[in-house]
Amino acid sequence: MSGIKVLRVADRTASPWKNGGGTTYQIAAFPPESGLADFQWRVSTAEVATPGTFSSFPGIDRILMVIDGALEVTIDDSPGVRLASSSAGLSFTGYQRVWGSPIGGTATDLNVMTRRGRYTAKMAPLDAQNGMLLIFADTTVVLVAQTETSWSFGNNTGTLAPRDAIMIEVQESGCSAFAFSGCLYRIELNRC
């Protein structure tokens, strides 16, 4: 048995970064009413318009992907890494010193945070016409990239606008199939 919830971009509200340096839009979190101090996992987007430090989240593991624009990210004293919408996710811990600089204008990132020892995450882009995604994770969040996307899951079907998301929670072991057409980002979240 699986549960499904459509998460519309129009329903998201802006909130300040933990360090006050920018704006974030929460897509989903667990527990649902948790805040920045007590979430087990959190999926969000952020607009990065000016260079600055990332918020510190000790005890949290993070994965970052750029979904619009480009961003140079420096972790601790390592050389900077350029991220664009075609880049793989960048993993780092919440206690590391991270600096981000947008390249050529505002960048939008997709950020997944998990509390170490409680949850793990994987994130990857998907692009297909008439694609099929097998759902094995405890919770899967699928975010639409730039264009409207049609989907079906069991007896449910619908259309998602750009930046809309869908959350699928698997309540028993096994696998379910999520059919889609378009460019998406898949986030898989599993209990440790």
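The values are calculated or read from the model by the stated rules, or taken from the named source; none is laboratory data. Keep in mind that what you see is a predicted model, and the values were worked out from it rather than measured. Don't worry about glycine lacking a Cβ; one is built from the backbone with ideal geometry, like all the others, and counts go over all protein chains shown.
Residue-by-condition table, conditions (1) assigned by TED's automatic domain parsing to the domain that holds residue 69; (2) of a type outside the set (Asp, Glu); (3) without any contact (Cβ under 8 Å) to a residue 24 or more places away in the chain; (4) on the phi < 0 side of the Ramachandran plot:
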site: 98; (1), (2), (3), (4): yes, yes, no, yes
site: 107; (1), (2), (3), (4): yes, yes, no, yes
site: 125; (1), (2), (3), (4): no, yes, no, yes
site: 131; (1), (2), (3), (4): no, yes, no, yes
site: 134; (1), (2), (3), (4): no, yes, no, yes
site: 153; (1), (2), (3), (4): no, yes, no, yes
site: 164; (1), (2), (3), (4): no, no, no, yes
site: 176; (1), (2), (3), (4): no, yes, no, yes
site: 181; (1), (2), (3), (4): no, yes, no, yes
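Give the residues of the stretch 10-32 that are at pLDDT 95 or above and either among the aromatic types (Phe, Trp, Tyr) or not in a loop (DSSP other than H, G, I, E, B) (or both), sorted by residue number.
10, 11, 25, 26, 27, 28, 29, 30
Residue 38 - would you say it is in contact with a Ser or Thr (Cβ under 8 Å, 6 or more places away or on another chain), of a type in the set (Asp, Glu) and more than 18 Å from residue 144 (Cβ to Cβ)? Step through it out loud before you land on a result.
Numbers: in contact with a Ser or Thr (Cβ under 8 Å, 6 or more places away or on another chain): no; of a type in the set (Asp, Glu): yes; more than 18 Å from residue 144 (Cβ to Cβ): yes.
In short, no.
Quick one: which strands (runs of 3 or more DSSP E) lie wholly within the stretch 74-171 and hold at least 3 residues that are farther than 28 Å from residue 18 by Cβ?
119-135, 149-153, 156-160
Limited to the stretch 48-71, what total is found for residues that are in a strand (DSSP E or B) and buried (at least 16 other Cβ atoms within 10 Å of the Cβ)?
From the stretch 48-71, those in a strand (DSSP E or B) are 48, 52-53, 60-68, 70-71; that's our starting set.
Right, trim to buried (at least 16 other Cβ atoms within 10 Å of the Cβ) and you get 48, 52, 60-68, 70-71.
Going through the stretch 48-71 one residue at a time, the tally reaches 13.
Evaluate the stretch 33-47: report whether one residue or more is among the charged types (D, E, K, R) and either part of a strand (DSSP E or B) or surrounded by 14 or more Cβ atoms within 10 Å (Cβ to Cβ) (or both).
The answer is yes; a qualifying residue exists.
Just one of the numbered conditions (1) at pLDDT 95 or above; (2) over 17 Å from the mean Cα position of the chain (by Cα) is not true of residue 70; which one?
Of the numbered conditions (1) at pLDDT 95 or above; (2) over 17 Å from the mean Cα position of the chain (by Cα), the odd one out for residue 70 is (2).
Step by step: first the residues of the stretch 90-125, then only those that are among the β-branched types (Val, Ile, Thr) and more than 17 Å from the chain's Cα centre (by Cα), then the one that is surrounded by the most Cβ atoms within 10 Å (Cβ to Cβ). Which residue is that?
Only one residue fits best here, namely 98.
Given the criteria of a type in the set (Asp, Glu) and within 30 Å of residue 154 (Cα to Cα), does residue 33 qualify?
yes
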